[in-house]
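Step one of this worksheet: look at the structure below.
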Amino acid sequence: MSIADRHCTFCDLIQGAGEVSMCYEDAESVAFMDIQPVNLGHVLVVPRNHYERFEDVPAELAMHLFRVATKLVPAVKKVARAEGMNIVVNSGSAAGQDEPHFHVHIIPRCADDGFDIPLPFGGSKMPDRTLLDATAARIITAMRDPVGAMRRPIPEEALTPQEAAYAIARE
């Protein structure tokens, strides 16, 4: 079952249909404590309106959510006595999103807390510069024609041998 097929718990919480430990509210967003925190102080910043993934969120609202996160980070860091912070978005089930409502994680971190987001990822290989340049050019083109880019995935035969090898290595 995809996350889109699931009931939205966050919509219920925002509408008052469940217990939530709220730490921030405004007209467009809320922030509340994660009930399965990485560390104490783990906060979720959530738009009041339902949007499933990052790319569904209007740009102004996305910027607002990150402004809210920017306000919350110093307070969370102080209260949690954190040494560092992770600000994380998981957009789509392949990226680890487990609720069908977009949200931003504010995760207070301490050395040896057992949580890890390993970047750079040890399983990835450094691609050739020409592949990086070609991918950057495709992203620039997609931003100029976002509708066309969304409806026309790059056919496999259009990939250079290096790009194809990189795609296969990532599978």
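So for segment 1-115, averaging the separation of alpha carbon pairs under 8 Å that are six or more residues apart and normalising by length, what relative contact order in percent results?
31
Between ARG48 and ASP128, how high is the FRET efficiency from 1/(1 + (r/R0)^6) when r is the Cβ-Cβ distance and R₀ = 41 Å? Nearest 0.05.
With a Förster radius of 41 Å, E is 0.35.
What net charge do the residues around ASP26 carry, taking every other residue with its C-beta under 14 Å from that of ASP26, with Lys and Arg at +1 and Asp and Glu at -1?
Every neighbour counted, the sum reads 0.
In whole Å, what is the distance between the alpha-carbon centres of segment 15-31 and segment 80-127?
So the two Cα centres are separated by 23 Å.
Can you compute log10 of I(q)/I(0) for segment 38-117 with the Debye formula, treating each Cα as one identical point scatterer, at q = 0.13, 0.18 Å⁻¹?
After summing over all Cα pairs, the log10 values are -0.41, -0.75.
Rule-based calculations on the coordinates, nothing more; no lab input. Computed from a predicted model, the values in this text were never measured in an experiment. Glycine gets a Cβ as well: all are built from the backbone with ideal geometry, and neighbour counts include every protein chain shown.
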